[in-house]
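Please read the structure below before turning to the comments.
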């Protein structure tokens, strides 16, 4: 399960992820057209930016529910639908069939080993004509370092991020799942399946590099356990904060599919 769930700095991490990824999610939701009055479910809602965006889009006549392992109340936008939160384990808990016009999840399934068993259950929970939107990183290897002042910094960046990815794999994450999601959608019976890929260069102490720093701090005990040194991890914090560092961003793959309307 989620390697960072019990880590320190989890709120800062989730805030950084929202700031980094909400613009891309907005573009994908824009492509779905008018959602006024529709019923949406947000899975793994975290701090709730996805649920709040859906609330705005469906408006007061719509419905938004949001589930996670650990729940916290979410305030809805003034012009949006109320957001109803509930505790739910996607691995073991059932969703009511034909309950939702849309389901959205971001950075959820890549962390769950049972992702391929969960996906058909999400499809079953959609109304005919309903839409499933799943967004996950495609990050099989550390991002390329494009520029840095000291070649040693590139080695440090690559070694530490590779360690983070190794820890995630050890917790059941599939860092290549996002590229396979399109085929999985089709095998689950969805139609009009399409995938949008977002990748941008990251420079200076911006959001992406801030996220790397947070992740390395959160997973420090695990990184030490796989052989990284205290000195290396301390130096990494300086490397990712340096304005001269530019890296190629991880690719966010947003996969969209429609449950067919049956006679």
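Rule-based calculations on the coordinates, nothing more; no lab input. A quick note: this is a predicted structure, and the numbers were derived from the prediction, not measured. Please note: Cβ atoms are built from the backbone with ideal geometry, for glycine as well, and neighbour counts cover all protein chains shown.
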Packing-based order for 209-216, 55-62, using average beta carbon neighbours within 10 Å, highest first: 209-216, 55-62
The range 1-80 versus the range 201-263: alpha-carbon centroid distance in Å: 21 Å
Angle between the chain longest axis and helix 177-187 axis [Cα atoms, degrees, rounded to 10]: 20 degrees
Global form of the chain, assessed from the alpha-carbon gyration tensor, a/c cut-off 1.5: prolate
Rounded tilt (10° steps) of 207-218 against the dominant C-alpha axis of the chain: 80 degrees
Whole-number percent relative contact order across the range 10-258, with pairs defined as alpha carbons under 8 Å at least 6 apart: 20 percent
Sum of -39500 (n - 2.57) over DSSP H runs of 4+, divided by residues of the chain (222 nm, nearest 500): -12000 deg cm²/dmol
Rel. contact order, % - alpha carbon contacts under 8 angstrom, at least six apart, the range 148-263: 44 percent
Beta bridges per DSSP with both ends in the range 10-258, % antiparallel, nearest 5: 50 percent
